[in-house]
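First comes the structure, then the notes that go with it.
The values are calculated or read from the model by the stated rules, or taken from the named source; none is laboratory data. On a predicted model such as this, the values are computed, not experimentally measured, just so you know. When we count neighbours, we look across all protein chains shown, and the Cβ atoms used for this are built from the backbone with ideal geometry, even at glycine.
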Amino acid sequence: MHAAPYAFIYSYPQLFPLFKIIPIALVVLIIIFKNKVGRLFNLYVAFSYILFAFGQNIAVTEKYGVTIDTTCIIMFFLVACFWAWEAVVKQNDFNLTRLAIWRYGVVPLAFFVFWGPMNFETFKPDFNPLFLFTNVVGVAFCGMTPVYVGLLTLYWPRVNMATLRVTSLVGFIIGLYQMHLSFYVMPSILWWNGVGHIPLLVISLYGLILSLKHPRVE
């Protein structure tokens, strides 16, 4: 389903730190300045999904030449379109209200997947703290979707429900695929990869459920 590890974007590791630092900075700015930076955040997320669509799903391999995962390109690009639309309509309200403590459960899950404590060559656990700023997660759909969906769940119900729903649905689909690949097809090699994708599955399902509810917003 994915062209990795030969995907185009993985050929530029010098860009990995940039795509870790920018999301961290934008989340901090959202917390501090709220809606003043909402459009900037939405546009960056839209750009990220365009990057995921084409950078992760087009690869050049020795055996098959150029390979293209058309299904994932379409799904990821669709998500990008919804975030670009949100940058125009600005339905996300980034003024955080008081939440039940359990709703912050997405934070450690999103942090774990953003950290990405894994050696991406051997697929073994590696808890190097520098990975917070240096690894491939920032240019990966599976790494950033739990962060973006998790953030929206904290501001739910004052968010763009369509954007939350589509992003969560695609994330859930990819999460199911990763569970199948990691725990059924290649468990001896990819079990830790499966653990690392649990936040994608759980947060996406949670976001999808929230997006289907119709709460009264005062």
Task: ALA100 being closer than 24 Å to VAL136 by Cα and either of a type in the set (A, V, I, L, M) or loosely packed, with under 15 Cβ neighbours inside 10 Å (or both) - done: no
Task: Residues (out of contact with any Lys or Arg (no Cβ under 8 Å at 6 or more places or on another chain), more than 18 Å from PHE111 (Cβ to Cβ) and not charged (D, E, K, R)) located in region 17-40 - done: LEU18, ILE32, PHE33, VAL37, LEU40
Open item on the list: Can you tell me how many residues within region 108-132 are under 28 Å from THR163 (Cβ atoms) and surrounded by fewer than 13 Cβ atoms within 10 Å (Cβ to Cβ)?
Closed with: 1
Open item on the list: Restricting to region 118-152, and then to whatever is in a strand (DSSP E or B) and either under 14 Å from ALA46 (Cα atoms) or in contact (Cβ under 8 Å) with a residue 60 or more places away in the chain (or both), can you tell me which residue is nearest to the chain's Cα centre (by Cα)?
Closed with: MET118
Open item on the list: Under 6 Å between Cβ atoms, which residue pairs at least 6 apart in sequence (or on different chains) link something in region 180-199 that is among the hydroxyl-bearing types (Ser, Thr, Tyr) with a partner that is crowded, with 17+ Cβ neighbours inside 10 Å and assigned to a helix (DSSP H, G or I)?
Closed with: SER182/LEU190; SER182/ASN193; SER182/GLY194
Open item on the list: Condition first: crowded, with 16+ Cβ neighbours inside 10 Å, in contact (Cβ under 8 Å) with a residue 60 or more places away in the chain and of a type outside the set (S, T, N, Q). Now tell me which residues in region 42-77 satisfy that.
Closed with: VAL45, TYR49, LEU51, PHE52, GLY55, ASP69, CYS72, MET75, PHE76
Task: Candidate set from region 39-68 (those that are in a strand (DSSP E or B) and closer than 16 Å to ILE9 by Cβ); member that is nearest to the chain's Cα centre (by Cα) - done: ILE58
TODO: Determine the pairs where a residue that is more than 8 Å from GLY171 (Cβ to Cβ) and at pLDDT 95 or above, located within region 201-214, has a partner that is outside any helix (DSSP H, G or I) and not aliphatic (A, V, I, L, M) with Cβ atoms under 7 Å apart, the partner being 6 or more residues away or on another chain.
DONE: LEU210/TRP156
Open item on the list: Cβ-Cβ under 7 Å, sequence separation 6+ or interchain: first residue in region 160-174 and closer than 21 Å to ASN95 by Cα and buried (at least 19 other Cβ atoms within 10 Å of the Cβ), partner at pLDDT 95 or above and acidic (Asp, Glu). Which pairs?
Closed with: ASN160/GLU86; THR163/GLU86
Open item on the list: Can you pull out every residue in region 178-202 that is within 23 Å of ALA80 (Cβ to Cβ) and either touching a Ser or Thr at 6+ places or on another chain (Cβ under 7 Å) or surrounded by fewer than 16 Cβ atoms within 10 Å (Cβ to Cβ) (or both)?
Closed with: HIS197, LEU200
Open item on the list: Please count how many residues of region 144-174 are farther than 26 Å from ASN193 by Cα, among the basic types (Lys, Arg) and in contact with a helix residue (DSSP H, G or I) (Cβ under 8 Å, 6 or more places away or on another chain).
Closed with: 0
Open item on the list: Can you find, within region 7-32, the residue that is farthest from ARG98 (Cα to Cα) among those that are assigned to a helix (DSSP H, G or I), free of Cβ contacts under 8 Å to residues at least 24 places away in the same chain and not aliphatic (A, V, I, L, M)?
Closed with: SER11
